[in-house]
Amino acid sequence: MITYIIVAIGAMLLGALACYTFFRYSTRGMLKKAQEEAEIIKKNKIVEAKEKFIALKQEHDGRVRQDEQRKQQREQQLNQRDQQLKQREQQLKEGQGELQRGQNEMQQRAQKMEQQQKAIDFKQQEIDRLHRQALAQLEQSAGLPAEEAKKQLIQSLKDEAKTDAMAYINEVMDDARLSANKEAKKIIIQTIQRVASETTAENAVSVFHIDNDEVKGRVIGREGRNIRALEAATGVEIVVDDTPECITVSGYDPIRREIACLALHQLIQDGRIHPARIEEVVAKVTKQVEDEIIETGKRTTIDLGVHGLHPELIRLIGKMKYRSSYGQNLLQHSRETANLCAVMASELGLNPKKARRAGLLHDIGKVAENEEELPHAALGMKICEKYGEKPDICNAVGAHHDEIEMETLIAPIVQACDAISGARPGARREIVETYVKRLNDLENLAMSFPGVIKTYALQAGRELRVIVGADKISDKDTELLSFDLAKRIQDEMTYPGQVKVTVIRETRAINFAK
């Protein structure tokens, strides 16, 4: 038993010794391996530390170089500023020197001016003394007091100045003719501004008469729906106010006003006034008016013997019936001009048919539907060219107000006949009594001037001829008389267009041979 125990203890001791020996050897290997790994890590860390040191050193060196460059730049800027300050100091010193010199010169000039003022005052006193002496001598030699001599001198200078002024005015008038077109437009605009309200009322308003004022309420309708429908359908403005037994139709297009009046007449007669009925009646009346326009154009061309016109030209001629020019019906004016052109062309041995055709079409531009920014003569020529009229007709239409150059003999005929038709008494919103009174006023105004023997108002008051006595007025005074008379007419009289004043002076020597 004891032996077993001893054997067991010995076995345990041997096992423990073997375990110790094994643990010791294995621990040495692990320590060695750990030492090797530690050496490797140490070397790697040293390398990394060196690389980081090198990078930090390079970065530090770069910053040092940048600081040095900045320092150099700052030193250069400071040097430049020092130089600029030195230059400014030098300039200020020079400016102070110039200012001092200028002050010295100003003082010297002031002293000179004071001396010159004293000399001038002395000379003025001497001149006044000499003037008094000369005036006394002049009075003794002339035998006239100073005031009378002064008046005579002023009168002679006034006459000389007036003569020079007339010559200057003639030169100015010649220059003004170069810019006459611009001035004429300015005058026309001012005239329009002065008489626009009256002219607009006459040419843009039609009055529709009714039997009683009860009709006005039906025309207006419930909440104004009837009158709004009528205005929208006709394109005009219907004015229903307190004026008894009338309704005002306002619009710039006379054809639209005519349509509105006819539509109102039919609606009131029918009694059914509502928006649907209004549109129906307006459409029907518009067709009737259009047919009437074409029929009027055809009838006009047949009456005048003008054939071969384009249908659109015939329609435009029919539209002239509803247009007016200065209160004169445009169609009647065109017919009258056409007949005058035919007669004048026959007297001159030209083609009367062409002249009549050109006279009929000369104002066709006033009824053009496409409103272009052109004078009506140029627009009429453009329309005639568009619809195949011959060049001589187109030229006569375009040149009747000198918008273009006249190229044929028909053109001046149309221009003359247009002026004749518009200038005859009573043609354009002017009754005969007013016309005759204006002519008499012109002649009486001219007769009020000294030296005038006879006066004649010509061309419907557009020209005034004045005959003066050769023994009473000189050639130089005729220009002065013409100027004064034109100025008095312009200031004291009212007239359309312009008045040409012609002063005639002639000397006649009459003897008889026996």
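The values are calculated or read from the model by the stated rules, or taken from the named source; none is laboratory data. Everything numeric here is computed off the predicted structure, so don't read it as measured data. Glycine also receives a Cβ, built like all others from the backbone with ideal geometry; neighbour counts cover every protein chain displayed. Heads up: the accessible areas ignore ligands, DNA and RNA and are worked out on the full protein's heavy atoms, side chains in. Shrake-Rupley method; radii C 1.70, N 1.55, O 1.52, S 1.80 Å.
Remarks
- Within straight-line cross-link reach of K158, lysines at Cα separation under 24 Å, skipping those fewer than 8 residues along the same chain: K150, K472, K476, K487
- With contacts taken as Cα pairs under 8 Å and at least 6 residues apart, region 250-378 reaches a relative contact order of 17 percent.
- Accessible surface, per residue, of region 207-268 when the full set of protein chains is kept, probe 1.4 Å, Å²: 55 Å²
- In region 278-378, inverting the average of 1/r over every pair of distinct C-alpha atoms gives 14.5 Å as the Kirkwood radius.
- Count of lysine pairs in region 293-371 with Cα separation under 21 Å (8 or more residues apart, or interchain): 8
- Spin-label pair K437/Q133, simplified geometry with 7 Å Cα→Cβ offset, distance in nm: 6.9 nm
- Alpha-carbon centroid distance for the pair region 56-78 / region 248-291, whole angstrom: 97 Å
- Between K390 and A419, full extension at 0.36 nm per residue minus the direct alpha carbon distance yields a gain of 8.1 nm.
- Here F449 sits with roughly 30 square angstrom of accessible surface, probe radius 1.4 Å.
- Taking a ≥ b ≥ c as the square roots of the eigenvalues of the Cα gyration tensor, an a/c ratio of 1.5 or more together with a/b larger than b/c marks region 442-483 as prolate.
- Length added when fully stretched, T3-N370, from 0.36 nm per residue minus Cα-Cα: 117.3 nm
- Peptides 473-486, 79-92 ranked from most to least packed give 473-486, 79-92, packing being the mean of other C-beta atoms within 10 angstrom over each peptide's residues.
- Stretchable slack from A11 to A110, in nm (0.36 nm times residue separation minus alpha-carbon distance): 21.3 nm
- Listed peptides 350-358, 245-253 appear in the order 350-358, 245-253 once ranked by packing, highest mean of other Cβ atoms within 10 Å at the front.
- Amide proton proximity set for I453, modelled H, under 5 Å, gap of 5+: I467, V468, G469
- C246 long-range amide H proximity, modeled H, under 5 Å: I210
- Cα shape, region 214-276, gyration tensor, a/c 1.5 rule: rounded
- Rolling a 1.4 Å probe over the protein heavy atoms of region 1-128, with every protein chain left in place, gives an accessible area that is 57 percent carbon and sulfur.
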